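Single-structure report; data block below.
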Amino acid sequence: MRVLVAGATGVIGRQLVPLLAAVGHEVIGLSRAPGTAVPGATRTVVADALDRDATVRAVRQAAPDAVVHLLTAIPKAIDPKRIDRQFALTNRLRIEGTRTLLEAAPGARFVAQGLAYAYRPGEGLADEDAPLWSDPPRPYGPVVAALAELERQTVRAGGLVLRFGHLTGPGSFYADDGSTAEAVRRGRMPVVGDGGSVLSFTHAHDAATAIIAALDKDVTGALNVVDDTPVLMRDWLPAYARRLGAPAPRRVPALLARLAVGPFGVAYMTRLRGADNSRARMRLDWRPRHAAMLDREG
C-alpha cells in the first residue's frame with residue numbers, strides 16, 4: 001500500500017514511518033520544508049498543508065492508497081492561559097488541512113489524529129459515544145471546536161479518527177527531556193485542588209501500531225487509542241516526580257492556582273476524563289505495549 005503521512009516528522013510520525021516501511025508499505029512523507037529528511041520514507045513531497053493548491057497538487061501526484069493525517073504545530077511547552085493562541089495554527093491544520101487532504105485523495109483510506117482527553121467531564125471512563133466537551137474553559141474552546149470539525153469531516157468521508165491520549169515517548173512533553181519533565185524537576189507543577197483528573201496516556205509507538213492496524217480494516221468513526229492503565233493526576237504526578245528524581249510536588253488550592261494557570265490549567269489538573277480503549281482493542285485487534293506512563297520513554 002502507498003501511504004502518505006502528513007506530519008511524518010512529529011512525535012508519532014517518527015515512530016510510524018519506519019514501522020510502515022518495515023511491514024512492506026511504500027511511505028511518502030509530506031513536508032512543508034524542502035530538503036526535510038523523513039527516515040524510512042521512500043520519498044518526500046513538499047507542500048504547506050495550508051496552501052490548498054500546492055497540497056492538492058503534491059498529494060495527487062503521490063497518488064496514495066491511504067493518507068495518515070498527523071498535522072499539528074504544537075509548541076514545545078504549553079501555557080494553559082494562552083492555549084487558544086498557542087494552538088491557533090494547529091486548529092487551522094485540523095480544519096483546513098483535513099479538508100484539503102480529503103479533497104486531494106478522494107477514495108483513499110483516511111486515518112486522522114484526534115484527542116481522547118477532550119471529553120465532557122463525567123463519571124467513569126469515556127467511551128467513543130460520550131460527548132466532547134461542549135462548554136470547556138474559554139481558552140480550550142477553539143481546540144475542542146477544531147477537533148470536532150476534524151472528526152466531522154473525517155467521518156463524513158468514511159475515514160477513521162484515532163483519539164490518542166496524552167502522548168508519551170521520545171519528543172513528547174513527558175519524555176525525560178520534555179517540558180513537563182522540566183517543570184516537575186523545577187517544582188513548577190503542583191497537585192492542584194483534589195488532583196482529580198483521570199489521565200489516559202498513549203505512547204507514540206502504540207499510536208503508530210494502532211495506525212498500521214487501522215489501515216487495512218474497514219473501520220470508520222472514532223476510536224480511543226490509549227493505554228490500559230488510566231491514573232488519577234494526584235497519584236500519577238508524585239510517582240512521575242519520583243521517577244525523575246525530582247522533588248515531591250506541592251499541593252496548591254484550585255482558587256490560588258487559577259491566578260497562575262487560568263481556568264483551563266485548573267481543569268487540566270482536576271476535571272479531565274479518562275478514556276476506555278475497549279472498542280479499539282476489539283475493532284483493530286490492537287493492544288498497547290506501554291502502561292501508566294511511568295516506564296522509560298523508549
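Taking Ala246, is it touching a residue at least 12 places away in the same chain (Cβ under 8 Å), buried (at least 18 other Cβ atoms within 10 Å of the Cβ) and among the aliphatic types (A, V, I, L, M)? Let's see the steps before the verdict.
Numbers: touching a residue at least 12 places away in the same chain (Cβ under 8 Å): yes; buried (at least 18 other Cβ atoms within 10 Å of the Cβ): yes; among the aliphatic types (A, V, I, L, M): yes.
So Ala246 fits the description; yes.
The rows are residues; the columns are (1) out of contact with any strand residue (DSSP E or B) (no Cβ under 8 Å at 6 or more places or on another chain); (2) small (Gly, Ala, Ser).
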site	(1), (2)
Leu223	no, no
Pro238	no, no
Gly245	yes, yes
Ala254	no, yes
Thr270	no, no
Members of the range 50-83 found to be touching an Asp or Glu at 6+ places or on another chain (Cβ under 8 Å) and buried (at least 21 other Cβ atoms within 10 Å of the Cβ), listed by number | Thr55
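Could you list, in sequence order, all residues of the range 62-112 that are of a type in the set (Ser, Thr, Tyr), closer than 18 Å to Val17 by Cβ and in a helix (DSSP H, G or I)?
Step one: list which residues in the range 62-112 are of a type in the set (Ser, Thr, Tyr), which gives 72, 90, 98, 100.
Adding the requirement that they be closer than 18 Å to Val17 by Cβ leaves 72.
Hits for the range 62-112: nothing passes.
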For the range 257-274, indicate whether the set of residues that are touching a residue at least 12 places away in the same chain (Cβ under 8 Å) and surrounded by fewer than 14 Cβ atoms within 10 Å (Cβ to Cβ) is non-empty.
-> no
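Rundown of residues vs (1) of a type in the set (Ser, Thr, Tyr); (2) under 18 Å from His290 (Cβ atoms); (3) assigned to a helix (DSSP H, G or I), yes/no style:
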position	(1), (2), (3)
Ala208	no, yes, yes
Ala213	no, yes, yes
Val219	no, no, no
Asn224	no, yes, no
Of (1) at positive phi; (2) surrounded by 22 or more Cβ atoms within 10 Å (Cβ to Cβ), Gly171 fails just (2)
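Every number here is computed from the coordinates shown, using simple stated rules; none is lab data. On a predicted model such as this, the values are computed, not experimentally measured, just so you know. All Cβ positions, glycine included, derive from the backbone under ideal geometry; neighbour counts span all protein chains shown.
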